[in-house]
1. Expressed as a whole number of Å, what is the distance separating the alpha-carbon centroids of the range 74-129 and the range 199-268?
2. With an 8 Å cut-off on Cα pairs and a minimum separation of 6 or more residues, tell me the relative contact order of the chain in percent.
3. Does anyone have the angle between helix 80-90 and the longest principal axis of the chain? Alpha-carbon axes, 0 to 90°, nearest 10?
4. Taking R0 as 51 Å, what FRET efficiency do you get between residue 182 and residue 271 from their Cβ-Cβ distance, rounded to the nearest 0.05?
5. Once both axes come from the Cα atoms, what is the angle between helix 217-230 and the longest principal axis of the chain, in degrees from 0 to 90, rounded to 10?
6. By DSSP, what percent of the beta bridges with both residues in the chain are antiparallel, rounded to the nearest 5?
7. Quick one: compute the contact order of the range 185-258, relative version, from alpha carbon pairs under 8 angstrom and 6+ residues apart, as a percent.
8. Just to verify a number: FRET efficiency for residue 232 and residue 263, C-beta to C-beta distance, R0 = 22 Å, to 0.05?
Ligand code: PAF
């Protein structure tokens, strides 16, 4: 196939790439995969990726196959101009903005059908967390992330701990498919929080000003779980405490649990798992807005508030 030239548009030094063929000179990069609507959490991923000295490629692609019907695919925020500026000031070497047609040449229905045939790592199907709430989600995530890895051939890929189950799924996919992406290292990057404790998320922009106080319930419930771990309470009591905090903030809980940090399966007690960071994970809705957050039980989220 004839190689298309890089669509040679340069914004000062940052390159804008639309077609996978043009990524060849960037193979060996550090990849930050995103769906756009970038915020300071993404900037931190880009900066951390750049600190290793590799050129950083940021992919901006709202992936239709990881949304199911009724989810927010069509209204997912698209803020290309602001994203471009953020990537440039955070030190990205290139942004990769593929079209749906390029990613899924046989169409989205065919891609959805292909995604659900994928053999997913157990951490994508067993914990009954995001996998229970969004049954086709990780199939779409694995499909698109594998495609991005194939296209970019990165040496490193940085993912945020904010989507903790997603991070574990991608780590397991890479471990399982070791030979496919040679020497690829997945880096887990800490969640970046607003000063009030709310984990940064592209979906926070759906929140009305008057919902912000209740949204803080997630980080407060995680801080409560950390306190319970320090007090060596049992897991069931710590989970009840999380539920109590969430209820006080009028959050409709999908799950609020403490799990093993590797498998995300239930654990009996904090010892000895506490040493390796038992993980508290929450998904809850505030009116129509779905929020997720998590933290290691041996850490400390600073804002506890009321
Ligand atoms: O976390 C995200 O933004 C997306 O799930 C990802 C990893 C970019 C795949 O579309």
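Derivation of every value follows stated rules applied to the coordinates shown; laboratory data play no part. Predicted model only: the values in this text are computed from it and were never measured. Positions of Cβ are backbone-derived with ideal geometry, glycine not excepted, and every protein chain shown enters the neighbour counts.
1. About 27 Å separates the Cα centre of the range 199-268 from the one of the range 74-129.
2. Once divided by the residue count of the chain, the mean separation gives 16 percent.
3. Between helix and principal axis, roughly 80 degrees.
4. Rounded to the nearest 0.05, the efficiency is 0.85.
5. 60 degrees
6. If I count the DSSP bridges inside the chain, around 55 percent turn out antiparallel.
7. This gives 26 percent for the range 185-258.
8. Given R0 = 22 Å and the Cβ-Cβ separation, E is 0.50.
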